[in-house]
Amino acid sequence: MMAVNVYLWASLKKFTNDKDILTIEATTIGELVSVLRRDFPGLKPFLDSGISFAINGELSNPNSNESIPDESEIYIMQKLKGG
Amino acid sequence: MAKDDITKSFKFIGTRPNRPDGFEKVTGRAKYGADISAVGMLHGAVLRSPYAHARIKSINFEKAAKLDGVKAIITRDDFPKDREGEPLKLLENTIAGEIAYYDGHAIAAVAATSVFTAKEALKEIEVEYEVLPHVIDVDEAMKPDAPIVRKNAGDFSVPEGSSPNVASYIEFGRGDITNGFDKADIVKSGLFKTEAAHQGYIEPHACMAQLDHNGQGEMWVCTQGHWYIRQMCSEVLDLEASKLCVTPSEIGGGFGGKTTIFIEPLALALSKKSGGRPVKIVMSRSEVLRATGPTASASMDVKIGMTKDGYLTAGCVEFRMQGGAFGGSPVSEALQCAFASYNMEAVHHIGFDVLANRPRAAAYRAPGSPMAAFAVESLIDEMCTDLDLDPIDVRLMNAVAEGSKSSYGPKFKKIGLIETLEATKEHPNYSIELGANQGRGVAAGYWMNHGGETSVSVSLAEDGSVNVSVGTPDIGGSRASIALMTAETYGIPYDSVRVNILETGALGFNEPTHGSRATLASGKAVYEAANQTIAEMCRRVAKKWQIDPDAVYWENGYAKPAGPNAGDFTPISIKQIASEMDQTGGPIAGHHESSIRGVGHSFGVHIADVEVDPETGRVTVLRYLVAQDAGRAVHPSYVEGQFQGGAVQGIGWALNEEYVYGEDGCLQNAAFLDYRIPVASDLPNIDTIIVEVPNPDHPFGVRGVGETGIAPPLPALANAVAAATKVRLRSLPMSPTKVLKALKTGNDGC
């Protein structure tokens, strides 16, 4: 299984052993979120609060079935509120 | 102007046909929220708190219930008691429980046979309040001894030791900030403030709802997103979502303010209590201003480093935004937008979402971006002035481009900020000579845009015309743009396409028309659905010609043989194919459902010229220019309208609009007479430049265009006023009183 770099905002570091870049083994967004929930339970309220992803610069709603391309750069952000 | 990497030449896209909804609107036939009625309908009215913060000790509605014509009265007791999380916040904001959290908070509601009777009944409801201490200002709310708005309101993100009114906290950044400031020749910082501003949609909220005892109901609502209305009402009232059918009316403006619920659960609950009779509620303007969601007020610290040549070396922001009594300010989006226009090695962002005794903030056009732009673009302008640098050249030197890492992390795909800056610099407005007391301001703005959950269908009518069904209410011309993209896809006339906005039972889930997404997302989905029907038409024609389906292709409304090897066949029109549908396999329709990807980030640059009257402090906008990358302007008139509309709202926010609270915490200007939105006579001609750097991830190159235009006006006008007066105002609005004070004392307004 490949490893991808997941970038979190610094205010979440307190839940991830002071790291804002995590290397996670996952092939889909669903797997990625499962690993985050398992390894960093403190992130649960953030993950449940409504999030969006940027995968290689592409902003989107979370899709647990979405495949993660090799060497992806993934940012997890709060869900966008548009007007 | 177009930088066209998409090689298609278009027949319909880029033209300016009449809007499909124009005739109904100018003749008064279009049905808005308040125009809906039904047999046996009752009228609802809402009793609202006269206090900013008060405990509700008792509610007695015995006298009101005895009035002839009163059919139902509801309080919080008529709603589920087991809600939690976001549904509880929605319920609390819809109708108060033990505490009224702001002036205008709903306390009870009445349904009666007339509006008059319903309002009379409100006067007979006796409420005993215990007034509690309140807090209105965001910086006051951050103080350790501030009145606590709601206990235990902070979420998982709030650092220990924060004010109890901090609802959430965000921090992110990159690079070595200290080193970045060390590299700078000039480092400047400042405090900037903006007041809450309302979306100012002309149509007040209105709905009619009917709910049976078994939980089956219907609702007609003026909304930007009827699936959101269904979802939120279902969560608040504990209904099964599929049993509630929500139909959107025409909409007289929304700008983000109509993406959530206010009166809708009240109308449903009143209907249920009155035995299932339909209940209509129409808000007054005063209710809209007191009890719906404006955007947040903001207090913002900014620090920026710049070399003497104009390169940005580092930037820090701390934004504090109050989002009302239940949180929800757009501080996260504001931080993402703050430095998004610029390549900077070191950036650091901190944000606080703060509670106050005000109505819950709702989205407002590019939520958060205008405040962020005001703070950052004002400070950059100050530095350009200090260093005698051209403000457009400085922005060009630092502008992000394809492959740049955004200030909030992800890399940008193809974007058009540089092209937009270049177009702005070349425009005649930038070189017009100015007179005494006149000044020119430049500012850039950014919005990330959104795709979102989308479901559409497309069907062929028997005469070859096309019905398109979407779930995104048309608030800015999406019916016209979707019809144009459909016409382009089929190669049929624009007038042969009708776009319908369907109710919640007719399509899969659709996010609202928000995030500048309707033309981008529904258009992309319709393109996919239309191509399904084209493939089916080609298959049917292939069967008729007894050739392989791959040997048939579609062009300009006809199925054609793909080449000499396919055979010598006369092309068959969509009309003929449609007329034979019943004999070739039945109806032809397509559909598409997905979370739409491929949004194109959006940048805009504005130039404002103003004249400041030194005797009165009045700011007159002399001329105004909006340049923005639209990706592809599907219907240029609508795109120009979006640019101009954003500019007008930004001008209002910069110069006049603000929520004014008294010492009692009650809103003092809850009417358009006192809450001063711009009118036509306040405004100059607003020139537009549509820059087209096509979005490579959209079949027609579209980027969302609706929101970005409201971000640059706030700093552009502040920069223009500073240029005209040599006094910098760091607090909005720049009302005559504030400008005059600044002229006399040099006070920046903070």
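Quick rundown of the values:
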read-out: Pairwise burial A:B, computed as accessible area of each alone minus the pair, summed, 1.4 Å, Å²; value: 2700
read-out: Neighbourhood net charge (9 Å Cβ-Cβ; Lys/Arg +1, Asp/Glu -1) for residue B:273; value: +1
read-out: Taking the C-alpha atoms of segment B:512-661, convex hull volume expressed per residue in Å³; value: 195
read-out: At least 50 Å² accessible surface lost relative to isolated chain, residues of segment A:47-63 (1.4 Å probe); value: A:57, A:58, A:59, A:61
read-out: Using alpha carbons only: equivalent-ellipsoid semi-axes of chain A, gyration tensor based, whole Å; value: 17, 17, 12
read-out: At least 30 Å² accessible surface lost relative to isolated chain, residues of segment B:399-417 (1.4 Å probe); value: B:405, B:408, B:410, B:411, B:413
read-out: Ratio of the Cα radius of gyration of chain B to 2.2 N^0.38 Å, where N counts its residues; value: 1.00
read-out: For segment B:555-604, residues shielded by at least 40 square angstrom of accessible area compared with the chain on its own, probe 1.4 Å; value: B:597
read-out: Cβ-based net charge around residue B:359, under 9 Å, with every Lys or Arg adding one and every Asp or Glu removing one; value: +2
read-out: Part-to-part distance (alpha-carbon centres) for segment B:579-633 and segment B:532-565, which is given in Å; value: 35
read-out: Heavy-atom surface of segment B:546-678, accessible at 1.4 Å and reported per residue (Å²); value: 42
read-out: Fraction of beta bridges assigned by DSSP in the protein assembly as shown that are antiparallel (%, nearest 5); value: 80
read-out: Fraction of antiparallel bridges per DSSP, segment B:451-596 only, in percent to nearest 5; value: 80
read-out: Summed residue charge, Cβ within 13 Å of residue B:222's Cβ, Lys/Arg positive, Asp/Glu negative; value: -2
read-out: Share of carbon and sulfur in the accessible heavy-atom surface of the protein assembly as shown [1.4 Å probe, %]; value: 48
read-out: Centre separation in Å (Cα based) which lies between segment B:675-743 and segment A:13-83; value: 35
read-out: Hull shadow area, averaged, segment B:451-596 [alpha-carbon convex hull, nm²]; value: 8.5
read-out: Using alpha carbons only: equivalent-ellipsoid semi-axes of the protein assembly as shown, gyration tensor based, whole Å; value: 40, 37, 27
read-out: Chain B: calculated mean residue ellipticity at 222 nm from DSSP helix runs of at least 4, using -39500 (n - 2.57); value: -8000 deg cm²/dmol
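The values are calculated or read from the model by the stated rules, or taken from the named source; none is laboratory data. Just so it is clear, the model here is predicted, and its values are computed rather than measured. For neighbour counting, all protein chains shown are included, and Cβ atoms are generated from backbone atoms with ideal geometry for every residue, glycine included. Heavy atoms of the whole protein, side chains included, go into the accessibility calculation; ligands, DNA and RNA do not. Shrake-Rupley method; radii C 1.70, N 1.55, O 1.52, S 1.80 Å.
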